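First the structure, in the form of structure tokens, and then the observations on it.
The values are calculated or read from the model by the stated rules, or taken from the named source; none is laboratory data. Owing to the predicted nature of the structure, the values given are computational and were not obtained by experimental measurement. Here Cβ is always computed from backbone atoms with ideal geometry, including for glycine, and neighbour counts include all displayed protein chains. We work out accessible area using only protein heavy atoms, side chains counted, and drop any ligands, DNA or RNA first. Shrake-Rupley method; radii C 1.70, N 1.55, O 1.52, S 1.80 Å.
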Amino acid sequence: MASAAILPDRYGGAGQRPQGLSLTYQRLMLMMLVFAGVTMLIAGRLLFLQLFTDRGGAGQIGNPLIPPRADIVDRNGTPLARTIDAWSIAIHPDRLLGDPAELAVKLAQLMPERSAAEYQAMLTSGKTFVYLSRRAVPELVAAMNALGEPAIEFSREPQRMYPQTAMAGHILGWTDFDGNGVAGMERVLQDRLSDPALRGTPVALSIDARVQGVMEAELSAAMTKFSAIGAAGIVLDIKTGEVIAMTSLPQLNPNKPGRNAEAAGFNRATLGVYELGSTFKPFTVAMAMDAGVVKGFGQMYNCPSGLKAGGFTITDTHPFNRACSVAEIMKESSNIGTAQIAAQLGSARQQEFLRKMGFLEPVSIELNERGRTLTPGANWGDVATMTVGYGHGIAVTPLHLANGYATLFNGGIWRPSTLIKYDSRHPVPQGRRVFSEETSYRMRALLRLVVTDGTGGKADAKGYRVGGKTGTAEKIVGGRYTGAAVVTTFAGVFPMDEPRYVVVAMLDDPKSTAETFGFHTAGWNVAPVVSKVIGRIGSLLGVQPDERRDVNMTEVLQYVKKEG
Amino acid sequence: MIARGFKSVIWVATVGGAALSCYMVSLRVATERNELARVERQIIAAKRDIRSLQTELGTRGRMTQLEQWNAEVLALSAPSSAQFLKDEFTLARLYRNDPTVADRSAEVRLASAATEAAKPAAPGKPATPPVVQAVAERPAAQPPLIHRASFTTAEVQAKPKPAAPAPAKPKPAAKPEARRTVSATSTKPEPDLSKPAAKPGKPAAQRIAIAATSKPEAASSRPTAKPTAKPISKPASKPSAKPEALRTAAATAKPVREAAATPRAKGKGGGGN
């Protein structure tokens, strides 16, 4: 109250003059402080920029080395997929200076994908921007630049490149133009590959590029030779379940995803399901041995020339017409003998084993392209049990088969197949037991017998102790089995005295040739592929051939009756 | 007074100088930084180039391409199991000693005779090549080509017995030398070499290739046999005798051949002749 009373008096009174002077000083002081403050602020900012900006700039320079999408490499570091800066050529039709008709002809000469008329329509459309070529090679860019049309624009944009071209195309898959994976591992690993924190480190697949190359070369040679419509091949590490090579022919080139043949897009190794025939027989014998139905390889079965089962008769290509041992059944691939073993085993136990081996569900692998297996389902009676025993009436993928053999020969442990290399941060899973170790061990001699004395003789690679089983299954054409079209398979394991790798090769509809004396069975066309493949990859995979080592065959040879 | 007058000027100059030097320092730093950034950019550009070149190389050398080149040009195949060896002993077994010129020419060598006198001197020592005097007859009448190889018996006789195992020793050393001389067909050094050899070799036996080995000759040759090995390694002059002799006896070394059980002794024997 008091001050309020005094103030008007002070301003309006006699002390007005000195008061005005001090006010001026105050204002000047304030102005000076403001100027000083602004100067200090600028100086401080400059100092800050001087001290910190350069390092930030250096950090930004380091960035270009990290690709926009992580590389994919094989297990030895060979690049399988990379992102590179590719040239793209575009044109602004609305800014065109030259004659569209003339330019269209020149474009058609340089890029014959489209006709001159199509180019002319594109140039006269009046659009603001059209891509001419998105993955142009430098030669094309130079030629286009020489045209001298200012409306043509060149730019560099990241592009996914697969240096091995069509090799392992089904495994790698491909990306769309925006760099998003749309198939194969590109799609499965989309998040990992585009994660900014992890882009710098490549993803290592379990594939070995050398083995993959060998498998594709040998299979495609056989496919051409026997005029097959397709083929599939798998090399699997028995102990870990890693896929060392997996191929499906005809090949698919992920560099040009849109321009592959329709049939090439189909991955026969994981998506296609086939009745794989006699290659199933070792499973049946192993199941029976594990369940105690078959005590030893000397157990005898009556093997007539035909066995009535339900409404039809099971036959053999090489009928015994006498009692035969389990070893002989396997050696000559007898359907009749195996059907009897399966019947003894029974439907419930067979289904239980197949379920534990993962045969009743889509194959366990990272890929999305997986086929549903076909089984007898609700009709799994005695007859179905018998036919499934020798691989008919059940259709699985070749990868199922490879994994089944791995399970059978690694000591009886099932593990999921994988395309990602196992390392310290990604250890081998525990797996689940399917067969006993004893069964796994005893089966070695039986499968080796098939190669040394039986139907798979052509699959032997000298010194590599190959064991395995042939399988020839008739394809169902128009709802009926026909002898004309078959799927031939060979499932091999090497070295049999200490199993390390499974090799599965399959030919879809091979024809007989003069060289095979009119046969189109697996022993004639696909077994030699396995032999060649093992002969080439064995030493690459660290298996040293040794002709003085072999499986102990005494347990089986004594039950094989020598013919002639 | 003057200093006082210029005081402000000096101040200004000092401050200006200091400011200028500070500015120079910062300018220098900025230049260095720019240089560093430029080098870093270069490094990055180089790394990008490396990456793109690696990609290009990998694409050009892709598996299918290599496979094709192999099918068309190289025609290499995977090693067969026989090409894998377990250890070095298996490897050593593969070594095959191809017969040399000396070994082959040994096939047509002619006889020598062992005498009773010689037998006690070298009992059960088939490896010791008897030094025999060898004379090879050349088809053309070329007198200088007939040489004599001989050794002093006196020296020899002192040595043979105590040195019974010894002769074997120098053999390995002698062998390669012998071979080499055989294949080398230069005629020039021969006469020179033969001379010193011939000198001490008076009592030494003279063997004529035409199987005309007379007994006394052979007898005397036998004792000389052992020393042949020895002298070779010892006196420098004597080995010189050997090549000469060997060459001469290219076709006349049969006796040596017989005496020599091991290839080594054989080679040496050649030298002795």
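Taking the numbered list (1) within 14 Å of chain B (Cβ to nearest Cβ); (2) open to solvent by 30 Å² or more (accessible area, probe 1.4 Å); (3) at pLDDT below 90 in turn, A:GLY258 passes all entries but (1). The residue that is least open to solvent (accessible area, probe 1.4 Å), counting only those in region A:431-442 that are over 29 Å from the mean Cα position of the chain (by Cα) and not acidic (Asp, Glu), is A:THR439. With respect to A:VAL105, determine if the residue is touching a Pro at 6+ places or on another chain (Cβ under 7 Å), at pLDDT 85 or above, among the β-branched types (Val, Ile, Thr) and open to solvent by 10 Å² or more (accessible area, probe 1.4 Å). Answer is no for this residue.
Exactly one residue among A:ARG355, A:ARG370, A:ARG349 is basic (Lys, Arg), free of Cβ contacts under 8 Å to residues at least 60 places away in the same chain and either touching a strand residue (DSSP E or B) at 6+ places or on another chain (Cβ under 7 Å) or open to solvent by 40 Å² or more (accessible area, probe 1.4 Å) (or both), and that residue is A:ARG355. Candidates A:GLU369, A:GLU438: the one that is farther than 25 Å from A:ARG536 by Cβ and in a loop (DSSP other than H, G, I, E, B) is A:GLU369. Highlighted here are the helices (runs of 4 or more DSSP H) found entirely within region A:454-564 that include at least 2 residues which are within 14 Å of chain B (Cβ to nearest Cβ), open to solvent by less than 60 Å² (accessible area, probe 1.4 Å) and in contact (Cβ under 8 Å) with a residue 12 or more places away in the chain: A:527-537. Based on what the data block shows, is A:ALA288 without any contact (Cβ under 8 Å) to a residue 60 or more places away in the chain, open to solvent by less than 10 Å² (accessible area, probe 1.4 Å), touching a helix residue (DSSP H, G or I) at 6+ places or on another chain (Cβ under 7 Å) and aliphatic (A, V, I, L, M)? Judged against the criteria, A:ALA288 is a match. In the set A:ALA232, A:ALA222, A:ALA228, only one residue is open to solvent by less than 20 Å² (accessible area, probe 1.4 Å), more than 12 Å from every other protein chain (Cβ to nearest Cβ), in a loop (DSSP other than H, G, I, E, B) and not β-branched (Val, Ile, Thr); that residue is A:ALA228.
Counting residues in region A:390-412 that are aromatic (Phe, Trp, Tyr) and touching a His at 6+ places or on another chain (Cβ under 6 Å) gives zero. Within region A:66-89, the set of residues being more than 10 Å from chain B (Cβ to nearest Cβ) and under 26 Å from A:ALA143 (Cα atoms) comprises A:ALA86, A:TRP87, A:SER88, A:ILE89. For region A:167-188, filtering for residues that are surrounded by fewer than 22 Cβ atoms within 10 Å (Cβ to Cβ) and assigned to a loop (DSSP other than H, G, I, E, B) leaves 6.
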